[in-house]
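Visitor: Encoded as structure tokens, here's the structure I'll be asking about.
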Amino acid sequence: MSDADVAVLLLVRVVVGLIMIMHGVNHWRGGGRIEGTARWFTGLGLRQGVLQAWMSVFTEVGAGVLLILGLLTPLACAAVISVMLVAGLLAHRPNGFFVFKDGYEYVLTLAVVALALAVLGPGRWSVDNAAGIDLTGWTGGGIALGAAVVATGGLLGTFWRPEPQSDAETEAEPEGAADPESDAALPRPESENTPESVDQEAR
């Protein structure tokens, strides 16, 4: 691997790592702080909103730090992929693909970049390389994707309990209010501290 290849891997690690740290810090300190983030998670149907908020903070900041250091890279990438899966499935999927409609384009991009990084490895300029940890190629990618899918499935299976909408509420809604392409279809109890607002800040 040439020095240019190693430098590019370092650049990707640092950029994605900083994005994740910014997401986590914003969930903690931005807008409505933990309480606002908790209400947003609850609005998506996840029980124990405060726990979800703190889990998102520790997962995102922790993954970001590990990526920047190049330490336990497949697991750091798994954390990124899992966060993006949850965000994509619960928050962005109803809005379609495009990011300018709050779709899943952005989270899909970050997830794929994280998977590619798990496959390629962190490069020579990393703690993994210094410690002799060599989990790259199909092994690294398999660990990252497998751990992410298991973690996401466990989280949703344990905590996701969306409340069904009653017939009376459905009939009371104006036409188009439940359209999945409409921004009104998303619960936004604390808009200034939602992952969508984090996406806008990160961009």
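Visitor: Is it the case, given these coordinates, that Val50 is among the β-branched types (Val, Ile, Thr), more than 14 Å from the chain's Cα centre (by Cα) and closer than 22 Å to Ala91 by Cβ? Walk me through how you get there before you give the answer.
Guide: Details: among the β-branched types (Val, Ile, Thr): yes; more than 14 Å from the chain's Cα centre (by Cα): yes; closer than 22 Å to Ala91 by Cβ: yes.
When the stated conditions are applied, Val50 passes them.
Visitor: Which residue pairs have Cβ atoms under 9 Å apart, sit 6 or more places apart or on different chains, and have a first residue in segment 8-20 that is among the charged types (D, E, K, R) and a second that is assigned to a helix (DSSP H, G or I)?
Guide: Arg13/Leu67; Arg13/Ile68; Arg13/Leu69; Arg13/Thr73; Arg13/Ala76; Arg13/Leu117
Visitor: For a quick check of your reading of the model, give me the residue pairs whose first member lies in segment 30-53 and is within 17 Å of Leu155 (Cα to Cα) and touching a residue at least 40 places away in the same chain (Cβ under 8 Å), whose second is aromatic (Phe, Trp, Tyr) and buried (at least 19 other Cβ atoms within 10 Å of the Cβ), with beta-carbon atoms closer than 6 Å and at least 6 apart or on different chains.
Guide: What qualifies is Gln52/Phe41.
Visitor: Checking the structure you have, find out if any residue of segment 79-95 is small (Gly, Ala, Ser), surrounded by fewer than 17 Cβ atoms within 10 Å (Cβ to Cβ) and either out of contact with any Asp or Glu (no Cβ under 6 Å at 6 or more places or on another chain) or modelled with pLDDT of 95 or more (or both).
Guide: So in segment 79-95, the residues small (Gly, Ala, Ser) come out as 79, 82, 87-88, 91.
Of the ones still in play, those that are also surrounded by fewer than 17 Cβ atoms within 10 Å (Cβ to Cβ) are none.
No, segment 79-95 contains no residue that is small (Gly, Ala, Ser), surrounded by fewer than 17 Cβ atoms within 10 Å (Cβ to Cβ) and either out of contact with any Asp or Glu (no Cβ under 6 Å at 6 or more places or on another chain) or modelled with pLDDT of 95 or more (or both).
Visitor: Evaluate segment 101-112: report whether one residue or more is in contact with a His (Cβ under 8 Å, 6 or more places away or on another chain), surrounded by 18 or more Cβ atoms within 10 Å (Cβ to Cβ) and farther than 23 Å from Ala147 by Cα.
Guide: Yes, segment 101-112 contains at least one residue that is in contact with a His (Cβ under 8 Å, 6 or more places away or on another chain), surrounded by 18 or more Cβ atoms within 10 Å (Cβ to Cβ) and farther than 23 Å from Ala147 by Cα.
Visitor: Separate question: Can you tell me which residues in segment 1-42 are under 22 Å from Leu117 (Cβ atoms), in a helix (DSSP H, G or I) and more than 17 Å from the chain's Cα centre (by Cα)?
Guide: The initial filter retains those residues of segment 1-42 that are under 22 Å from Leu117 (Cβ atoms), namely 1-25.
Filter again for in a helix (DSSP H, G or I), leaving 3-25.
Residues satisfying the conditions are Asp3, Ala4, Asp5, Val6, Ala7, Val8, Leu9, Leu10, Leu11.
Visitor: Then there's this: Residues being among the hydrophobic types (A, V, I, L, M, F, W, C) and either in contact with a Lys or Arg (Cβ under 9 Å, 6 or more places away or on another chain) or modelled with pLDDT under 95 (or both): count how many of those fall in segment 136-167. I'd like the intermediate steps shown before the answer.
Guide: So the first thing to find is which residues in segment 136-167 are among the hydrophobic types (A, V, I, L, M, F, W, C), and the list is 138, 143-145, 147-151, 155-156, 159-160.
Now narrow it down to the ones that are either in contact with a Lys or Arg (Cβ under 9 Å, 6 or more places away or on another chain) or modelled with pLDDT under 95 (or both): 159-160.
Going through segment 136-167 one residue at a time, the tally reaches 2.
Visitor: Something else: Six or more apart or on different chains, Cβ atoms under 8 Å: show the pairs whose first residue is in segment 119-142 and over 14 Å from Leu71 (Cβ atoms) and free of Cβ contacts under 8 Å to residues at least 40 places away in the same chain and whose second is basic (Lys, Arg) and in a helix (DSSP H, G or I).
Guide: Sorted first by the residue in segment 119-142, then by its partner, the list stays empty.
Visitor: Are any residues in segment 120-141 surrounded by fewer than 18 Cβ atoms within 10 Å (Cβ to Cβ) and assigned to a helix (DSSP H, G or I), and if so, which ones?
Guide: Val127, Asn129, Ala130, Ala131, Gly137, Trp138, Thr139
The values are calculated or read from the model by the stated rules, or taken from the named source; none is laboratory data. None of the values given here were measured: they were computed from a predicted structure. With ideal geometry, Cβ positions are generated from the backbone for all residues, glycine too; neighbour counts draw on all protein chains shown.
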